[in-house]
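The values are calculated or read from the model by the stated rules, or taken from the named source; none is laboratory data. This one's a predicted model, so the numbers in the text were calculated from it and none came from an experiment. FYI the Cβ positions are ideal-geometry reconstructions off the backbone, even for glycines, and counts take in every protein chain you see. For accessibility, only protein heavy atoms count, side chains too; no ligands or nucleic acids. Shrake-Rupley method; radii C 1.70, N 1.55, O 1.52, S 1.80 Å.
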Amino acid sequence: MTRMRRWLPGLLLVTPSIVAIAVFVYGMLGWNFRLAMTDKHDEVSEGNFVGLENFVTLWDQKRWGISVNHAIVFTVVFVFGALLLGWLLALLMEKGIRGEGTFRAIYLFPMAISFVATGVVWRWLMNSGRGERAVGLNRLLDGLGLGALQWEWFRNPDWGMAAMAIPAIWQMSGYVMALFLAGFRGVPEELREAARVDGCTEWGVYRHIVLPLLRPVTLSALIILGHISLKVFDLIVAVSGKQVITDVPAVFMWVAVFDSHDPAKGATIASYIVLAVSIFVIPYLVWTLRRERRS
């Protein structure tokens with residue numbers, strides 16, 4: 001009875017959350033994988049079990065290959081761009097500047113905006129019009145006498161997805177800055193002073209002392225940004241709509257389910273997205289658990 005009194009209140013407290021997660025997260029994931037293994041390619045048929053057939057045949061579709069390539073380009077540019085910009089902003093803030101609280105709020109403000117609102121604004125900023133038809137960034141470049149740098153932005157067939165990552169970098173770099181700034185402030189000043197006394201330059205202090213201690217923060221930011229980029233949907237649709245030139249797996253899934261009325265294909269695409277996200281999340285969870293056990 002004594003042991004029950006210890007753990008029963010806590011169990012009763014978390015039981016609703018456990019049930020909700022079991023049903024609406026893992027239950028739905030299981031239902032999605034089950035649907036992906038059927039031939040339910042319309043909304044009225046029952047659907048028979050076909051195993052991994054849908055997962056294999058999906059790679060025969062040209063649009064799927066295009067969407068995967070776009071997702072890779074978007075992920076690489078977005079993740080490394082947000083990490084670099086966030087780190088630079090945190091470095092400037094860590095040096096101590098006047099009005100630090102104001103700048104910190106300004107850098108974090110974009111994160112409070114939804115990707116839809118961000119996409120609407122950046123759709124205008126990245127308008128591909130040139131010359132007299134130029135608006136947004138192209139108009140700014142023309143006004144600065146840099147008309148030769150005017151670009152097609154997200155409508156460019158080769159690097160359009162790299163341009164599509166710019167709004168995402170703008171929105172998430174402030175969050176990454178907050179993570180790195182907390183990491184910078186968590187490094188004991190005694191370690192830095194000891195390194196300086198030993199003749200280490202300021203760059204050497206950051207290279208050999210600060211940056212190694214920021215590895216957990218960097219890994220956390222990498223995981224967060226990576227899983228956001230792999231399932232990005234609202235930003236893409238808000239900026240360019242459901243165009244093949246900016247297609248990603250999440251948009252392709254929407255088209256398959258709601259435009260083509262193919263539940264099995266949509267579930268298959270969703271399953272691939274879940275598997276891609278798990279590639280980022282699962283190793284991080286394993287690393288975290290091992291790190292906690294060692295400590």
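As a summary of the residue check, residue 81 satisfies the conditions (1) in a loop (DSSP other than H, G, I, E, B); (2) of a type outside the set (A, V, I, L, M, F, W, C); (3) at pLDDT 90 or above except for the one numbered (1). Condition test on residue 115, is it in contact with a Gly (Cβ under 6 Å, 6 or more places away or on another chain), closer than 20 Å to residue 245 by Cβ and open to solvent by less than 40 Å² (accessible area, probe 1.4 Å)? No, not satisfied. For residue 211, the requirement of being open to solvent by 50 Å² or more (accessible area, probe 1.4 Å), farther than 30 Å from residue 49 by Cβ and assigned to a helix (DSSP H, G or I) is met. Quick check on this structure: which one of 20, 36 is over 21 Å from residue 252 (Cα atoms) and of a type outside the set (Val, Ile, Thr)? That would be 20, the only listed residue that is over 21 Å from residue 252 (Cα atoms) and of a type outside the set (Val, Ile, Thr).
Within region 146-175, residues that are on the phi > 0 side of the Ramachandran plot have Cβ atoms under 7 Å from residues that are surrounded by 22 or more Cβ atoms within 10 Å (Cβ to Cβ) and outside any helix (DSSP H, G or I) in these pairs: 153/126, counting only partners at least 6 apart in sequence or on another chain.
Please pick out the residue among 100, 152, 94 that is out of contact with any Cys (no Cβ under 6 Å at 6 or more places or on another chain), crowded, with 17+ Cβ neighbours inside 10 Å, over 24 Å from residue 244 (Cα atoms) and not polar (S, T, N, Q).
None of the others qualify; the one that does is 94.
Are any of the residues in region 266-284 open to solvent by 60 Å² or more (accessible area, probe 1.4 Å) and within 30 Å of residue 46 (Cα to Cα)? Looking through region 266-284, at least one residue is open to solvent by 60 Å² or more (accessible area, probe 1.4 Å) and within 30 Å of residue 46 (Cα to Cα). One residue stands out among those in region 3-60 that are in contact (Cβ under 8 Å) with a residue 24 or more places away in the chain and of a type in the set (Asp, Glu): the one that is surrounded by the most Cβ atoms within 10 Å (Cβ to Cβ), which is 39. When region 126-137 is limited to residues that are of a type in the set (A, V, I, L, M) and open to solvent by less than 40 Å² (accessible area, probe 1.4 Å), the one that is farthest from the chain's Cα centre (by Cα) turns out to be 134.
Only residues that are outside any helix (DSSP H, G or I) and of a type outside the set (Gly, Ala, Ser) were counted in region 230-278, giving 9.
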